[in-house]
Structures are given as structure tokens and as C-alpha cells.
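Have a look at the structure below before the remarks.
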Amino acid sequence: MPDHPAIDIESVLKEDRKFPPAAEFSRRALIKSMAELEALSRRAAEDPEGFWKECAGELFWFKPFTKVLDWNFPWVKWFVGGELNASYNCIDRHLAGPRRNKAALIWEGEPGDSRILTYQMLASEVARCANGLRSLGVKAGDLVAIYMPMVPEAVIAMLACARIGATHSVVFGGFSADALRDRINDAEAKVCITADGGWRRGQIVELKRNVDEALKEAPSVHKCVVLKRCGNHVEMRAGRDVWWDELMDAQKAVCEPVSVDSEHPLYTLYTSGTTGKPKGVVHSTAGYLLHVLMTMKWVFDIKDEDIFWCTADIGWVTGHSYTVYGPLAAGATVVMYEGAPNAPANDRFWQIIEKYRVNIFYTAPTAIRTFIKWGDEWVHKHDLSSLRLLGTVGEPINPEAWMWYHKVIGREKCPIVDTWWQTETGAILISPVPGATPTKPGSATRPLPGIAADVVTREGTSVGPNQGGFLVIKRPWPGMLRTIFHDPDRYKKQYFEQIPGVYTTGDGARCDEDGYFWIMGRVDDVINVSGHRLGTMEVESALVSHPAVAEAAAVGRPDDLKGQALVCFVTLEGRRKGDDRLREELRNHVGKEIGAFARPDTIRFTDALPKTRSGKIMRRLLRQIAAGDQALGDTTTLEDLSVLARLREDEE
Ligand code: WT7
């Protein structure tokens with residue numbers, strides 16, 4: 001457990017503003033009032049299994065389930081005995097009616113090219129890709145690594161895996177070759193799907209080059225499919241590498257979906273934890289799909305005529321759940337954008353919203369803070385009147401950013417859904433329901449129907465209103481992770497043994513007198529940089545793998561734009577002295593080991609790290625030093641007090 005209790009986190013936020021949904025919005029919403037929402041929540045609390053059974057009627061089953069829930073703490077099965085196929089639910093079931101000719105995917109490339117795929121076109125592409133994968137020997141139960149830019153083929157590849165019962169493991173295109181290699185090896189992927197490159201701020205991100213590097217030490221991969229996106233030169237290894245077009249052109253455009261068990265692993269996705277090794281979070285087919293679909297309705301109020309845009313990369317869980325599986329299961333139209341928000345200029349997002357008349361827009365607080373910095377004039381150049389609902393995810397949104405989002409983007413007309421969830425939860429757990437819940441800037445408001453969230457002490461006792469504590473979930477929910485790939489023990493320890501009998505989220509929170517949740521940040525050694533979780537241990541392992549480094553400690557410092565910035569304290573081997581050149585070298589080294597987004601913002605050299613008598617690094621102190629805090633509190637357990645003094649003298 002962390003070396004500081006959750007109750008240490010003092011909530012300094014005082015926020016009294018309250019925004020009820022506009023009558024006009026509520027009138028047209030799927031859930032129209034607080035009374036309706038509360039009735040749903042009551043029903044779910046009184047009879048959770050009956051409630052989820054009713055919801056499960058929203059999916060298309062090849063074989064009905066015989067039992068709703070099998071809860072053998074901490075192992076869970078939902079919809080036992082049922083069979084279905086995720087790609088069938090996301091595509092085929094829409095082909096029987098008018099959705100057949102509806103846009104499923106509206107894609108915008110960074111250079112300005114665009115593509116629209118109707119549900120029927122998506123069906124054909126997915127079938128071709130599924131057949132192509134089969135021809136490479138991929139079978140149900142195999143793992144396929146996907147390392148791609150934000151292009152339609154990434155979605156097609158995911159759905160093609162689902163169609164033949166293969167489990168996909170998407171690796172974010174911003175990860176380095178080393179990080180990709182580790183993820184491929186942990187998953188023991190048989191096939192890797194990639195592209196020559198992807199566009200990012202006018203530059204080519206050379207994905208295939210990283211794959212070549214990674215595959216040197218990834219023996220499980222025997223085939224690599226390469227999409228031509230940027231036309232940059234790539235090496236094609238004979239016998240291993242095949243071009244996407246050549247493979248798909250040879251395939252039939254129909255492919256029978258494989259009927260899989262409810263619990264069949266749809267995908268694994270790696271996320272950071274408190275140790276140096278990323279965890280492969282495993283998600284099921286039925287429970288996951290149902291949960292993302294229900295939240296599309298409850299939280300995003302999705303209607304057939306809506307155009308929905310979630311800006312997350314599909315390398316993260318938000319892209320899986322709210323660009324691919326949620327919207328497509330709902331038969332919605334989704335926008336997908338390849339590049340950066342400032343390419344070619346700072347108004348690219350607003351230009352895309354105007355171009356496609358986007359109705360629902362879902363992004364991260366760190367992006368919102370960047371837009372504020374760029375200035376309102378970029379927004380005002382565009383007509384955003386199509387927007388009717390706004391969402392955020394990834395980190396707590398500060399009330400000022402919330403107000404800007406509300407006023408400048410939402411023109412005071414759009415409800416904002418501040419959605420709390422995690423890679424592990426699969427879908428949103430705590431969020432306003434836009435036609436019902438009055439919002440308070442900075443609060444994710446209340447748990448959704450069927451979600452038993454609470455704030456408790458380390459012993460598991462509920463704390464009172466406005467008391468800080470650990471955010472936990474007390475009952476299983478359909479979208480929850482099923483295990484950690486290859487490491488069931490870690491699943492048990494990490495999530496179910498920290499606090500007795502419940503799922504521990506790793507977040508601190510407080511619940512106010514209205515039952516609204518205020519997330520106060522992580523209570524473990526995980527920091528949140530620009531809405532992405534980074535394990536401090538991961539960064540530390542990367543640093544000590546450099547020959548000059550003896551010991552390292554990474555902590556977060558509050559940052560106006562990123563939420564948290566990454567500060568690393570480093571001791572060096574032998575008599576080596578730190579200088580700016582080494583500093584830059586270490587930052588690049590972490591970038592190479594993990595990916596550019598993990599490059600430390602600050603590296604501070606020190607003679608020793610402050611430790612307790614038992615040898616634990618005192619992160620609380622380092623966090624305070626990193627934040628420039630003068631009142632360092634109780635330091636009596638410090639083994640070497642002089643270390644602390646030296647660290648403070650050495651401020652950069
Ligand atoms: C962590 C999960 C799930 C999508 C993106 C991140 C933080 C997420 C909120 C929110 C306050 C939030 C939490 C959580 N977080 N959403 N609305 N308000 N904090 O997924 O990488 O698995 O990170 O992000 O700390 O535990 P992730």
C-alpha cells in the first residue's frame with residue numbers, strides 16, 4: 001500500500017455551482033428526469049441480476065445464457081452459457097434495416113483526406129480482413145497485436161479479430177519499439193498488424209520501423225501485416241511481412257462470425273500499475289459489450305441521428321470503448337481523426353466539428369486546458385451549433401476548465417458529462433446522466449445504475465459525507481476486467497486484497513452531502529500525465545536501465561496543462577556528476593524505453609534519496625519537494641535528514 005493514507009489528501013476544492021439540465025434537453029433525452037434515473041438505480045440495487053438480465057436483451061445472442069452472474073470472489077462470470085459475437089453485434093445486426101446505408105465511420109486524416117464507411121462497407125472490409133487473418137493461420141483464441149495510426153483499418157482489424165474469435169491487443173502508436181516488444185512478448189502475439197507510418201503534426205511516425213526493431217526479440221510473431229498509409233520506405237521481410245492491400249484484395253467479402261462464449265476474451269490492453277511491468281487487462285465479450293452499449297445510452301444519450309466524436313486514440317481504453325465497441329454496438333455514426341489538434345492550426349478540432357456537424361464531443365481535461373491556452377479566437381472561427389452534449393474523461397477536470405468548456409464550446413446549452421472510469425472497469429461507472437443529473441463543475445456526480453461505488457477507510461468502513469477515503473466498488477459489474485493476462489495472482493492482490501471484500505480503484509475520493517463523488521487523484525504510485533496513467537516504477541525501471549543511473553524515484557508535480565508533470569530524482573553510479581547533457585540523455589532514454597509521452601519533465605540529480613528506516617523511498621517528501629512545498633511536515637522517520645536538506649538546496 002502507499003506510504004500515505006488516503007485521508008492525507010485534503011480536498012481544497014470548494015464548489016457550489018450547480019447546473020440542472022435544460023428542460024429542452026431532458027424532454028428529448030432517453031432518460032428524462034432524476035425520478036426516472038433514480039427508479040432505474042433503485043431497481044438495479046434491489047435486484048442487480050434481474051436488472052442486468054433485462055439490459056442483456058439489448059445484445060444479439062447466438063445462444064441465450066442460462067445464468068446472469070457467477071461471482072466466486074474475486075473471479076467473475078457474466079451471462080454464463082451464452083454465446084455471441086462482438087463484430088456481429090457491432091455490424092451485422094444493423095444490416096437488416098435502414099442502418100445498413102448509414103455512416104458507421106467518418107474518418108478524417110491529418111493531411112485533410114477523408115473516408116466514410118457505411119455499416120455495409122464496414123461489414124465487407126471486416127469480413128475481408130477476418131478472412132485475411134485466417135489465411136495467415138490466426139484461429140479463435142490466438143492473440144493479434146495491433147500497432148496502428150488512427151485510420152479506419154485499425155477499427156477494421158479489431159473487429160476482424162473479434163469476428164474470428166481472436167483476442168486483440170492494441171498497442172498505442174506512441175509507444176516505443178521496446179515497449180511494443182514487451183507487450184507483444186507478454187501477450188505472445190502470433191501476428192502483428194501495423195502501417196508504414198501515421199501522420200502526426202505533418203511528420204511521419206515510422207511505425208513499421210519500430211515493429212522491425214521490436215520483432216528482433218519477439219519470436220512469437222510469425223506474420224506482420226503492413227498497411228500503406230504514408231508511403232514512406234519500409235523494409236519488408238520476405239516470408240514474414242505482407243502488405244495489407246495484397247492480403248485483403250485476395251479475400252472474399254463475407255465471413256461467418258465465430259460464436260464465442262460470453263466470457264471469451266475480446267481483448268487485452270496494457271496499462272500501468274505500481275510495479276515496473278505493465279498489466280495486460282483482460283476484457284470479456286458479453287459483459288464488456290453490454291456495459292459499453294448501456295453507457296452509450298445512459299451517458300451519451302445516443303440517438304440514430306447523432307454524430308459522435310470521441311477524440312481518444314484507439315491505443316487507449318477510451319478508444320476501444322467509445323470509438324469502436326460502444327458506438328458501433330449502438331449503431332451510431334462515429335468520427336475518427338488521425339492527427340494532432342494543432343495540425344495544421346490550433347482550430348483543427350473545431351473545424352472537424354463544423355465540417356461534420358458533430359453532436360456529441362468527448363475529450364480529456366488536458367486537451368481542454370490546452371484549448372484555453374490557445375485562445376477563444378480559434379473556437380469562434382467556427383460554427384459549433386451542432387453540439388448538444390459534451391464529455392470529459394481521464395482525470396479530474398478543474399472547475400475553471402469545466403466552466404470554459406460549458407461557456408465557450410457548449411455555449412451554455414450543452415450538458416457536460418464528467419465520466420469516471422478506468423482501463424480495468426471497461427466502461428463508465430460514475431457520471432452524470434445528461435437529461436437527469438444536475439451537474440457540479442469538477443464532480444463526476446453519481447454512480448450509474450447497477451454500480452455500487454463507495455468511499456471507505458483502509459479497513460473498508462464507509463466514511464461519512466465529505467470525508468476523504470478510498471474509492472471502491474462493492475459489487476461486480478459486467479464490464480469489469482476478468483484477470484491480468486498471465487498473472488491471475490496480481491489481479492487478486494492488486495484489486496481485491498488491498499481492502500477486504502471490494503474492488504479497489506486506486507483513486508482517492510470524497511462523497512458530498514448530495515451523494516456526488518469528487519475524485520481526488522491516485523493514492524498509489526501511479527501518476528496521471530495528460531490523462532494517461534504512468535506507473536512511477538515503470539519510469540524508474542527505465543531510468544535505472546541506463547548505465548549512469550544508480551537509483552531513481554519518479555513523482556508527479558501539479559501542472560497546469562498536463563494535470564501532473566513527471567519529476568525524477570536520480571542518483572548516479574560512482575563519482576559521475578550530473579549535467580544538462582546527461583539530463584537530456586536520460587529524458588531521451590525514458591522516451592526510447594517507454595515512448596515520448598513518458599519523457600520526464602524534470603530530472604534532478606541528488607547524492608541520495610530520502611528513505612525510511614525500512615528502506616522505502618519517501619515519495620510524499622519527494623512529491624512535496626517537486627511541488628516546491630516549504631512546509632515538509634513530519635520527517636522524523638527519515639533515515640538521513642541531510643539528504644532532504646541537500647535536495648532542497650539543489651532546486652533547479
Ligand atoms: C484513472 C484511470 C478510463 C479512461 C481514461 C483513463 C483517472 C479517469 C476520471 C474522471 C477524475 C479520472 C482516475 C482513474 N480518471 N477519469 N472523470 N475524473 N479522474 O484510463 O489510464 O485506466 O486511468 O484515470 O485516476 O483511476 P486509465
**OP:** Sort out which residues of region 243-273 are part of a loop (DSSP other than H, G, I, E, B), in contact with a His (Cβ under 6 Å, 6 or more places away or on another chain) and within 16 Å of the ligand (Cβ to nearest atom), and write them in order of number.
**Re:** none
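Restricting to region 176-230, name every residue that is part of a loop (DSSP other than H, G, I, E, B), open to solvent by 60 Å² or more (accessible area, probe 1.4 Å) and closer than 22 Å to residue 151 by Cα.
201, 206, 228
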Subject >> Close pairs (6 angstrom Cβ cut-off, 6 or more residues apart or separate chains): buried (at least 16 other Cβ atoms within 10 Å of the Cβ) in region 460-487, of a type in the set (D, E, K, R) anywhere >> reply: 468/510; 471/507; 472/454; 481/424; 484/279; 484/490
Subject >> Conditions (1) surrounded by fewer than 23 Cβ atoms within 10 Å (Cβ to Cβ); (2) in contact with a Leu (Cβ under 6 Å, 6 or more places away or on another chain): number failed by residue 583 >> reply: (2)
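What are the residues in region 387-399 that are more than 11 Å from the ligand (Cβ to nearest atom) and either modelled with pLDDT under 90 or open to solvent by less than 20 Å² (accessible area, probe 1.4 Å) (or both), if any?
Of everything in region 387-399, those that are more than 11 Å from the ligand (Cβ to nearest atom) and either modelled with pLDDT under 90 or open to solvent by less than 20 Å² (accessible area, probe 1.4 Å) (or both) turn out to be 387, 389, 390, 399.
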Original post:
Which residue pairs have Cβ atoms closer than 9 Å, lie 6 or more positions apart in sequence or on different chains, and pair a first residue in region 152-172 that is among the polar types (S, T, N, Q) with a second residue that is part of a helix (DSSP H, G or I)?
Top reply: 167/161; 167/187; 169/183; 169/184; 169/186; 169/187
Subject >> Output for region 367-386, where each listed residue is in contact with a Pro (Cβ under 9 Å, 6 or more places away or on another chain) and within 16 Å of the ligand (Cβ to nearest atom) >> reply: 367
Original post:
What are the residues in region 274-284 that are away from the ligand (no atom under 16 Å from the Cβ) and modelled with pLDDT of 95 or more, if any?
Top reply: 284
**OP:** Give the residue that is nearest to residue 187 (Cα to Cα), with candidates limited to residues of region 285-322 that are within 12 Å of the ligand (Cβ to nearest atom) and aromatic (Phe, Trp, Tyr).
**Re:** 316
**OP:** From the list 412, 424, pick out the single residue that is buried (at least 23 other Cβ atoms within 10 Å of the Cβ), among the charged types (D, E, K, R) and in a loop (DSSP other than H, G, I, E, B).
**Re:** 424
Original post:
Out of 469, 501, 464, 410, which single residue is in contact with a strand residue (DSSP E or B) (Cβ under 8 Å, 6 or more places away or on another chain) and more than 16 Å from the ligand (Cβ to nearest atom)?
Top reply: 410
Original post:
Looking at region 75-164, what helices (runs of 4 or more DSSP H) fall wholly within it and have at least 3 residues that are at pLDDT 95 or above and among the polar types (S, T, N, Q)?
Top reply: 119-135
**OP:** Among the candidates 555, 570, 549, 544, single out the residue that is modelled with pLDDT of 90 or more and open to solvent by 30 Å² or more (accessible area, probe 1.4 Å).
**Re:** 544
Original post:
Does region 526-544 include one or more residues that are under 25 Å from the mean Cα position of the chain (by Cα), free of Cβ contacts under 8 Å to residues at least 24 places away in the same chain and within 15 Å of the ligand (Cβ to nearest atom)?
Top reply: no
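The values are calculated or read from the model by the stated rules, or taken from the named source; none is laboratory data. These numbers were taken from a predicted model, which means no experiment stands behind them. Quick reminder, even Gly has a Cβ in these numbers, built from the backbone with ideal geometry, and neighbours come from all protein chains shown. Calculation scope for accessible area: heavy atoms of the full protein, side chains included, ligands and nucleic acids excluded. Shrake-Rupley method; radii C 1.70, N 1.55, O 1.52, S 1.80 Å.
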